[in-house]
Amino acid sequence: MVRPVWSASTVTSSADDPMINVTKSYLPDRRKFDAYLDRIFASGQLTNGGPLVKELQARLEDYLGVRHVLLVANGTMALTVAYRLLGLEGRVITTPFSFVATASSIAWQGLEVGFADIDADSLTMDPARLAASDLNGVSAVVPVHVFGNPCDVPSIERIAGEHGLKVIYDAAHAFGVDYDGKSLLTKGDVSVLSLHATKLFHTFEGGALIINDDELYAQACRMINFGIVRQESIACLGINAKMNEVEAAMGLCILDDMDKILAARAEICEDYDRLIGDHVSSPSYNSKASRNYSHYPVLFRDEASLLQATQMLNEQGINPRRYFCPSLDTLDFLYRGEAMAVSRDVASRVLCLPLYPGLDKVSRRRIAECVNAVA
Ligand SMILES: *Cc1c(COP(=O)(O)O)cnc(C)c1O
């Protein structure tokens with residue numbers, strides 16, 4: 001039997017299957033979730049901007065400190081809708097060091113994918129590389145706040161302003177991150193979240209567009225619902241990108257637990273910081289931003305060391321993930337331009353260690369021992 005390979009473990013381990021994966025989907029209190037299901041069964045409204053989606057949107061606007069949150073089916077759909085909303089054409093420049101959806105969503109829209117290489121310390125788009133790219137025929141830039149670490153927002157906005165480029169931030173990892181005392185998600189024409197089961201905050205599957213502009217938000221609301229304004233009035237080209245009520249119920253339950261989730265993740269990261277030797281390095285995190293502990297990436301000296309540590313971990317039933325490998329500029333169905341040397345180098349030696357509430361101290365020590373064994 002051929003088993004599909006998912007992007008990360010969405011299968012939670014059980015007592016007789018003690019696998020430790022890079023992440024484990026957070027599950028809230030079952031009774032609380034059941035109470036929301038009771039509400040769904042009582043109202044009979046399952047989707048189409050129902051009360052739970054509306055409630056979650058309002059609570060997220062408040063929690064994140066942003067003007068408009070528009071919930072959608074997944075993060076990839078959020079990116080796709082954002083490109084349409086902003087009328088992108090021609091070439092769009094993104095980073096080669098990301099999850100494949102950042103770039104494939106651009107190609108899926110019939111747009112040409114361009115890359116600007118990353119900065120070796122922050123692992124986010126290097127503004128100097130962006131400025132040095134051929135920006136003729138480029139309509140937008142899609143930088144990523146990789147691992148919750150904000151990219152160089154002021155420089156990117158300056159370059160985008162000078163060349164009339166739209167900015168869409170792929171903020172799939174940046175849930176709840178503040179920058180300069182404000183939500184990072186307020187940046188750009190649109191910022192996009194993924195609320196997939198493997199993410200810090202999730203709704204099984206889900207995504208969101210974060211939009212500051214009221215008119216753009218109104219357009220996006222129509223666009224995710226086939227372009228329909230009201231019965232018998234279809235205003236524009238649209239798609240079905242709606243989130244359903246069960247997904248929103250999951251989000252409402254998990255949002256109550258965010259303090260607990262963030263504290264648990266911070267504690268694990270601090271433990272790793274103490275336990276893991278300095279033969280591996282971490283990205284340099286933006287000092288103007290808060291941390292959300294979305295991932296715990298370590299950079300080995302070289303790929304051989306990474307493979308050796310991974311083998312030792314796998315032998316103990318521990319499955320870290322090579323986020324992000326391969327570098328997206330190596331995918332010839334997306335791109336055939338200049339090689340992105342920094343991204344390729346980083347992709348060959350970066351590993352994300354298991355990180356989720358409930359990862360116990362003994363496991364953390366075993367993980368650190370494997371990483372340290374290749375010092
Ligand atoms: C997860 C992720 C996406 C895709 O989100 P989905 O909700 O899985 O469609 C896009 N970009 C980045 C950086 C991601 O990590």
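The values are calculated or read from the model by the stated rules, or taken from the named source; none is laboratory data. A quick note: this is a predicted structure, and the numbers were derived from the prediction, not measured. Reconstructed Cβ throughout: ideal geometry from the backbone, glycine too, with neighbour counts over all protein chains shown. Note: accessible area is taken over every heavy atom of the protein model, side chains too, but ligands, DNA and RNA are not part of it. Shrake-Rupley method; radii C 1.70, N 1.55, O 1.52, S 1.80 Å.
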Check: For ILE228, all conditions in the list (1) within 16 Å of the ligand (Cβ to nearest atom); (2) open to solvent by 10 Å² or more (accessible area, probe 1.4 Å) hold save one; what is the number of the exception?
Finding: (1)
Note to self: I need every pair where a residue in the range 142-159 that is within 10 Å of the ligand (Cβ to nearest atom) and in a loop (DSSP other than H, G, I, E, B) has its Cβ under 7 Å from the Cβ of a residue that is open to solvent by less than 10 Å² (accessible area, probe 1.4 Å) and among the hydroxyl-bearing types (Ser, Thr, Tyr), sequence separation at least 6 or different chains.
What the structure shows: HIS145/THR124; HIS145/TYR169
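Condition check ((1) touching a Leu at 6+ places or on another chain (Cβ under 8 Å); (2) surrounded by fewer than 24 Cβ atoms within 10 Å (Cβ to Cβ); (3) of a type outside the set (Ser, Thr, Tyr); (4) at pLDDT 95 or above) across all residues:
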{"position": "VAL100", "(1), (2), (3), (4)": "yes, yes, yes, yes"}
{"position": "SER104", "(1), (2), (3), (4)": "yes, yes, no, yes"}
{"position": "TRP108", "(1), (2), (3), (4)": "no, yes, yes, yes"}
{"position": "GLU112", "(1), (2), (3), (4)": "no, yes, yes, yes"}
Next item on the list: Could you check how many residues of the range 231-268 are closer than 30 Å to VAL371 by Cα, surrounded by fewer than 17 Cβ atoms within 10 Å (Cβ to Cβ) and of a type outside the set (Asp, Glu)?
Entry: 4
Next item on the list: State the number of residues belonging to the range 80-110 that are within 16 Å of ILE239 (Cβ to Cβ) and more than 14 Å from the ligand (Cβ to nearest atom).
Entry: 7
Check: Can you spot a residue in the range 37-52 that is farther than 15 Å from ALA171 by Cα, within 16 Å of the ligand (Cβ to nearest atom) and of a type in the set (A, V, I, L, M)?
Finding: no
Note to self: Can you list residue pairs whose Cβ atoms sit under 8 Å apart, with the first residue in the range 297-318 being within 18 Å of TYR272 (Cα to Cα) and open to solvent by less than 70 Å² (accessible area, probe 1.4 Å) and the second being among the hydroxyl-bearing types (Ser, Thr, Tyr) and assigned to a loop (DSSP other than H, G, I, E, B)? Count only pairs 6 or more apart in sequence or on different chains.
What the structure shows: PRO297/SER282; PRO297/TYR323; VAL298/SER282; LEU299/SER282
